[in-house]
Amino acid sequence: MDIKPEDLVTNGYQLNAQMEHNNIVPFIGLYLKKKTTVTICYNLFLIGLATILGFWIYVAMTKYGYEISTCLNYLSYGIALSFALIPLHEFLHVKAYQWQGAKHTAYVVKLKKLYFLAVADKFVANKMEFTKVALAPLVIISLLGILVLFFTSMIWSVAILGLLLTHALLSAGDISLVSYFQYYASAEVVTYDDTTLQISYFYHKPLSV
């Protein structure tokens with residue numbers, strides 16, 4: 001979006017919320033619980049993946065003769081691989097930011113709190129731009145994982161489905177931020193990150209009639 005943070009107020013925007021990078025859980029939890037289009041679709045996606053995974057394990061045991069211990073071992077491989085994909089996940093966020101025009105991107109790593117952020121310093125993003133940034137990793141990795149399912153064995157499919165489900169769960173923060181924009185659909189919402197202060201700001205402006 002072609003506007004600087006210091007020009008937001010003079011263009012009719014008012015600060016509505018802020019999220020400290022050292023304490024994102026309250027903000028994420030609040031808007032993940034809101035009934036917005038993205039949270040409803042997200043929950044259905046999780047339920048669908050969990051159901052398919054359970055059915056896959058059942059078929060692997062009853063039709064292909066795998067032991068439950070073997071299925072759980074491969075499921076654990078998928079879970080482990082999902083955590084190994086975190087760098088790729090954040091890289092896709094950064095690339096999406098750059099595709100939207102952001103010049104100064106960075107990663108925020110909070111190992112003690114087990115979360116990771118991709119930020120774009122002073123880049124003001126509107127709803128459409130931020131939605132692309134937030135959902136890019138979940139969409140791309142999920143589509144690639146589904147594609148792999150067509151070329152792998154039954155037992156490794158358990159691992160891939162476990163990866164997809166765990167990765168989707170780890171994407172809850174991204175869903176929550178998109179939910180924020182949707183929850184305040186009655187206003188024009190923009191956001192930007194301040195990497196020095198480690199805060200993300202959310203500004204609102206009444207929609208033009």
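Since every read-out is calculated from the coordinates, none of them should be taken as a lab result. Quantities reported herein were computed from a predicted structural model and do not represent experimental measurements. Here the Cβ positions follow ideal geometry from the backbone for every residue, glycine too, while neighbour counts run over all protein chains shown.
Descriptive notes on the structure:
- Relative contact order (percent, whole number), the chain, Cα cutoff 8 Å, 6+ residue spacing: 37 percent
- Simple Cβ-charge dipole of the chain, Lys/Arg +1 and Asp/Glu -1, about Cα centre, in debye nearest 20: 320 debye
- Spatial separation of Cα centroids for region 78-115 and region 151-188, in angstrom: 14 Å
- Helix-only CD estimate at 222 nm, as mean residue ellipticity for the chain, using -39500 (n - 2.57) per DSSP H run (n ≥ 4): -18500 deg cm²/dmol
- Ranked by how many other beta carbons lie within 10 Å on average, peptides 179-189, 2-12, 32-42, 159-169 from highest: 159-169, 179-189, 32-42, 2-12
- Region 137-189: mean projected area of Cα convex hull, nm²: 4.2 nm²
- In order along region 34-40, the phi-based Karplus estimate (6.51 cos²θ - 1.76 cosθ + 1.60, θ = phi - 60°) of 3J(HN,Hα) comes to 5, 8, 10, 4, 5, 6, 5 Hz; Gly and Pro are listed as x.
- Cα-Cα over 18 Å, subset of Lys95/Lys122; Lys4/Lys132; Lys127/Lys205; Lys34/Lys205: Lys4/Lys132; Lys34/Lys205
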